[in-house]
Structures are given as structure tokens and as C-alpha cells.
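*Asks:* Below are the C-alpha cells for one structure; questions will follow.
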Amino acid sequence: MISDALKSITLLRPDLDTPIVRRAITFAREAHAGQWRENGAPAFTHPLSVARILAFSGASEGTTIAGLLHDTVEDTAVTLADIRRGFGSPVADLVALLTKPCNGVPPAVMGLALRPSWRTAAFHALHVKIADRLDNMWTVAVLPRPRRMKLALESLRFLCPAADHVDPSVATLLRRLSWRVVRA
């Protein structure tokens, strides 16, 4: 239910109860319909969790929307043009930065590096990436050990130091979850 998804975000941040956030929830849910995560949960539970983490850490509305949409271009038939039309260029730029080159989508950094606002976009994309990894580390137990280790070590080496500057409380949690995998 869309209202349950919205409530799970707005309990943390009532200011995010906006028409565009509602639209992003519906869009992401429909885009991921019929897809499942490796832990057996519907695929939409992941971007929703990412949006919750972003809401908790005080991310902007646009960054939270990018969290809801961050996997759509990579994992569904949605294009960056669809996101740009529905949610504007700033959100589409964030999603582009978070999307691996696929399905004819070129690396986003190439086009964004020419814009004056690229540093701001990169910071917000990093915020989403940290939230994305935190949610992935919560559900990492279902993955094969080599993949779990790769994610944990990558988190400890690169994302945790960056998260210290973005949201120290999220960094602490990500570090704990990553060390738990490494020590297991």
C-alpha cells in the first residue's frame, strides 16, 4: 500500500509528505513490480528502506526521491528521460550518478562534470550510495561469503570514511555491520 510506504518515511520526516514524494513511491513500486531481492522480499522494499535511511539522516526531498528511484534505470525498463520528465533534472542527475553504465546509459560523471553544480550532485549521490549500502549490509547474510566480504571490505575502505563526513551515525552503523561480516 502506498500510504504505508509514505507513512514509513513521514513518521521520520513529516515535511516529506508531498505530492512529488507520493508520486516517486508509486513510480518506484510500479517499476519494481514482480521483482524480488535475493532475500525473498519484494524489490521495492530496498529503495523504500534507502529512502527511510535518507529521511532519518535529514536528506533533502530530492535526495530522498533519488533514493526511491536509484535502482530503476539499472533494474527496470525506466530510462533517465522518464525520471527527468517525472521528477526533474536534479533528481535524474542523481539517479544517473548512481547508475552503472547499462542499457545504453553512458557514465553520468562525464556530462555532470561540466556543470557548476557537480560537487553538490556528487555529495547528494554519495549520501544515497551510503544509505543504499547500509540497507544492503542489513540483508547481506543471504549472499555467498565472497560477495559478503567484498561488500564489507569495500564499505570499510571507501564508504565508511566518506559516511563519517555525510552522517556519522550512519557511518557508525555501516562500520559495525561491515565488521560483523569480516569477523564472521
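The values are calculated or read from the model by the stated rules, or taken from the named source; none is laboratory data. No experiment lies behind these values; they were computed from the predicted model shown. Backbone-built Cβ (ideal geometry, glycine too); neighbour counts: all protein chains shown.
*Asks:* List the pairs whose first member sits in segment 1-30 and is outside any helix (DSSP H, G or I), whose second member is of a type in the set (A, V, I, L, M, F, W, C), and whose Cβ atoms are under 7 Å apart, counting only residues at least 6 apart or on separate chains?
*Replies:* Pairs that qualify, where the first residue is outside any helix (DSSP H, G or I) and the partner is of a type in the set (A, V, I, L, M, F, W, C), are Leu12/Ala55; Leu12/Phe56; Arg13/Ala55; Asp17/Leu6.
*Asks:* Scan segment 65-83 residue by residue and report those that are within 20 Å of Lys7 (Cβ to Cβ) and either aromatic (Phe, Trp, Tyr) or in contact with a Lys or Arg (Cβ under 8 Å, 6 or more places away or on another chain) (or both).
*Replies:* Passing the criteria: none in range.
*Asks:* Based on this model, can you work out whether Thr99 counts as modelled with pLDDT under 90, under 14 Å from the mean Cα position of the chain (by Cα) and hydroxyl-bearing (Ser, Thr, Tyr)?
*Replies:* yes
*Asks:* Let me ask something else about it. If you check Val78 against the conditions, is it assigned to a loop (DSSP other than H, G, I, E, B), modelled with pLDDT of 90 or more and within 23 Å of Phe44 (Cα to Cα)?
*Replies:* It is true that Val78 is assigned to a loop (DSSP other than H, G, I, E, B), modelled with pLDDT of 90 or more and within 23 Å of Phe44 (Cα to Cα).
*Asks:* Can you tell me how many residues in segment 38-74 are of a type in the set (D, E, K, R) and at pLDDT 95 or above?
*Replies:* 3
*Asks:* Given the criteria at pLDDT 95 or above and exposed (fewer than 13 other Cβ atoms within 10 Å of the Cβ), does Arg145 qualify?
*Replies:* Judged against the criteria, Arg145 is a match.
*Asks:* I've got another one for you. Can you find, within segment 102-135, the residue that is surrounded by the most Cβ atoms within 10 Å (Cβ to Cβ) among those that are at pLDDT 90 or above and aliphatic (A, V, I, L, M)?
*Replies:* Across segment 102-135, the extreme among qualifying residues is Ala131.
*Asks:* Okay, moving on. Looking at (1) assigned to a loop (DSSP other than H, G, I, E, B); (2) free of Cβ contacts under 8 Å to residues at least 40 places away in the same chain; (3) on the phi < 0 side of the Ramachandran plot, find the lone condition where Glu38 falls short.
*Replies:* Glu38 satisfies all of (1) assigned to a loop (DSSP other than H, G, I, E, B); (2) free of Cβ contacts under 8 Å to residues at least 40 places away in the same chain; (3) on the phi < 0 side of the Ramachandran plot except (2).
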